[in-house]
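Everything below concerns the one structure shown next.
The values are calculated or read from the model by the stated rules, or taken from the named source; none is laboratory data. Model, not experiment: these values are computed from the prediction. Cβ coordinates were reconstructed from backbone atoms using ideal geometry, including for glycine residues, and neighbour counts include every protein chain displayed. Surface accessibility is based on the protein's heavy atoms, side chains included, excluding ligands, DNA and RNA. Shrake-Rupley method; radii C 1.70, N 1.55, O 1.52, S 1.80 Å.
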Amino acid sequence: MAMHAAKLASMGICYLGDLQLDDLCQLQEELNALWKNGQSTISNTLYDKIGDGINYELMQLTNDPYDFVVKKTDSQLKNITVYLTQFSTEGKSLIDKSIFEILNQELKLRNFLIPDSTITLPTHWTSVSMIESPVTLITLSRSSQEFQDISDFFTKSLKKSSVVIYSIIRIQNIRIWLMFQQVQKAISSTSTRLIHGTASLVQQKLIIYQGFCHSYCPGGLIGDGVYFAVHANYSNNDPFVLRKTPHRRELFICQVLLGKSIAGRSGFKSLPYGYNSALNYDGDRNDQFCIFNHYQAYPEYIVQYDCE
């Protein structure tokens, strides 16, 4: 008898508790093969529970793939990705292409991470566990000094006569922060607060969980990199701003490592040696920057607001 099926026969329903999506699918395949050979001793009820477990895991993966993947260990994530990829090559895909991209990007991110005991988390962050909560979203209290400071920065940056800030969410993504800090050590640059916008809710969530890896702009004005505005009023328009409702908008406030900048141009795919970012002059002032290493930027806050 196959491994999973043998343990299920021995332990019963208790065995299902620790199984991941790939384990459940493999168990179902083993039971199907045994049933065809007339060797299955598993009750229909227990078999249905396995199918229910697969459907539940797929529902969790489909409904919120980012939350699903960050809670998996490295080995769990790799096994699930390998199994689903193999399943897909056989013409029996259980998930769509966009979810595959999220799984593979998460694996890539973890492979890039280099343990560094010298890197510390921001002191104002809420205490979290790298294992239990690698990504945490904290809604700032309106009475906090942090809310007031970020609200003041954003309102000034927006350059509107009347502004209401509905909420400010602090993004605590430990993995992206560690990568950001490692890049900062390499280029010896202080960070600058800049604005980034996306009109896509899917893209917003991707940035929260996996950073700016899919935010490159081929054919952009000053290069094919990731763009950041100096002022929020630049991003406060379509197609940059996310409209949650007709009167509620959202933009990112980011920390960006600009290093040494050079005037950008269309067609830039990388920067000349010694430069870390491209800039754009609108008349006598610079209004945006472009970077070509997405780990040079950290998505620090999401501000929900309205203005007139």
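Provide the three semi-axes, in whole Å and in decreasing order, of the ellipsoid equivalent to segment 243-308 as defined by the square roots of 5 times the Cα gyration tensor eigenvalues.
Semi-axes (√(5λ), whole Å): 28, 15, 10.
Excluding residues on the same chain fewer than 8 positions from Lys78, give the aspartates and glutamates whose Cα lies under 14 Å from its Cα.
Lys78 reaches Asp22, Asp23, Glu101, Glu106.
Over the alpha-carbon set of segment 202-273, work out the extent along each principal axis and list the three values in angstrom, largest first.
Projected onto the principal axes, the Cα atoms of segment 202-273 cover 43, 25, 22 Å.
Okay, helix-only estimate at 222 nm for the chain: each DSSP H run of n ≥ 4 adds -39500 (n - 2.57), divide by all residues, round to 500 deg cm²/dmol; what do you get? Please report the intermediate quantities before stating the final value.
On the way: 10 runs with 125 residues, N = 308.
Taking each H run of at least 4 residues, the total per residue is -12500 deg cm²/dmol.
Applying the Karplus parametrisation 6.51 cos²θ - 1.76 cosθ + 1.60 with θ = phi - 60° to the phi angles of segment 226-243, what ³J(HN,Hα) value in whole Hz is obtained for each residue in order, glycine and proline being reported as x?
Using θ = phi - 60°, the values come out as 9, 9, 9, 8, 6, 10, 5, 5, 5, 8, 7, 8, 5, x, 8, 9, 8, 9 Hz.
Working from Cα positions, state the angle (0 to 90°, nearest 10) between the long axis of helix 44-63 and the longest principal axis of the chain.
10
What dipole magnitude, in Debye to the nearest 20, does segment 125-247 give about its Cα centre under +1 on Lys/Arg Cβ and -1 on Asp/Glu Cβ?
Working: 11 positive and 6 negative charges, 34 e Å.
With only Lys, Arg, Asp and Glu charged at Cβ, the dipole is about 160 debye.
Keeping all protein chains in position, work out how much accessible area Cys254 exposes to a 1.4 Å probe, and write it in Å² to the nearest 10.
0
What's the magnitude of the charge dipole for segment 163-308 around its Cα centre, counting Lys and Arg as +1 and Asp and Glu as -1 at the beta-carbon? Answer in Debye, nearest 20. Walk me through the intermediate numbers first.
Values: 13 positive and 9 negative charges, 88 e Å.
Taking the Cα centre of segment 163-308 as origin, the dipole is about 420 debye.
Where a ≥ b ≥ c are the square roots of the eigenvalues of the C-alpha gyration tensor, would you call segment 121-196 rounded, which needs a/c under 1.5, or, failing that, prolate if a/b is larger than b/c, or oblate? Before the final figure, lay out each step's value.
Working: a/c = 2.66, a/b = 1.40, b/c = 1.90.
Oblate, since a/c reaches 1.5 and b/c is not below a/b.
Please report the accessible area of His214 (heavy atoms, 1.4 Å probe, ligands and nucleic acids excluded) in Å², nearest 10.
90
Projecting each Cα onto the charge dipole of the chain (Lys/Arg +1, Asp/Glu -1 at the beta carbon, about the Cα centre), which of Ala297, Leu271, Gly211 comes out farthest on the positive side?
Leu271
Compute the normalised compactness of the chain: alpha-carbon radius of gyration over 2.2 N^0.38 Å, N being the residue count.
Working: Rg = 23.6 Å, N = 308, 2.2 N^0.38 = 19.4 Å.
For the chain, the normalised Cα radius of gyration comes out at 1.21.
Just to verify a number: what accessible area does Thr45 come out at with the full protein assembly present, 1.4 Å probe, Å² rounded to tens?
The value for Thr45 is about 90 Å².
P(r) of segment 161-255 in 5 Å steps, Cα pairs, percent per bin?
Bins of 5 Å from zero give 3, 11, 19, 26, 20, 12, 6, 2, 0 percent of pairs.
Give the Rg/Rh ratio for segment 1-148, taking Rg as the radius of gyration of the Cα atoms and Rh as the Kirkwood radius, to two decimals.
Details: Rg = 20.0 Å, Rh = 18.2 Å.
Rounded to two decimals, Rg/Rh equals 1.10.
In units of 2.2 N^0.38 Å, what is the alpha-carbon radius of gyration of segment 87-156?
Values: Rg = 19.1 Å, N = 70, 2.2 N^0.38 = 11.1 Å.
So segment 87-156 has a normalised radius of gyration of 1.73.
What ranking of Trp35, Trp125 comes out by heavy-atom accessible area, probe 1.4 Å, highest first?
Values: Trp35 185, Trp125 30 Å².
Ranking Trp35, Trp125 by accessible area, largest first, yields Trp35, Trp125.
Under 12 Å from the Cα of Lys108, which aspartates and glutamates turn up, not counting those fewer than eight places away in the same chain?
Asp74
Ordering Phe112, Phe228 from largest to smallest accessible area (1.4 angstrom probe), what's the sequence? Can you show the working numbers first?
Numbers: Phe112 105, Phe228 5 Å².
Descending accessible area places them as Phe112, Phe228.
Which of the peptides 134-141, 260-267, 219-226 is most tightly packed, and how do the rest follow, judged by the mean count of other Cβ atoms within 10 Å per residue? Don't skip to the end; give the middle numbers.
Details: 134-141: 15.6, 260-267: 14.0, 219-226: 20.0.
Ranked by mean Cβ neighbours within 10 Å, highest first: 219-226, 134-141, 260-267.
Let me know the whole percent of all Cα-Cα pairs from segment 1-43 that are separated by more than 15 Å.
Details: 297 of 903 pairs.
I get 33 percent for the Cα pairs in segment 1-43 exceeding 15 Å.
How big is the charge dipole of the chain about its Cα centre, in debye rounded to the nearest 20, if each Lys and Arg gets +1 on its Cβ and each Asp and Glu gets -1 on its Cβ?
Working: 27 positive and 29 negative charges, 138 e Å.
Rounded to the nearest 20 debye, it is 660 debye.
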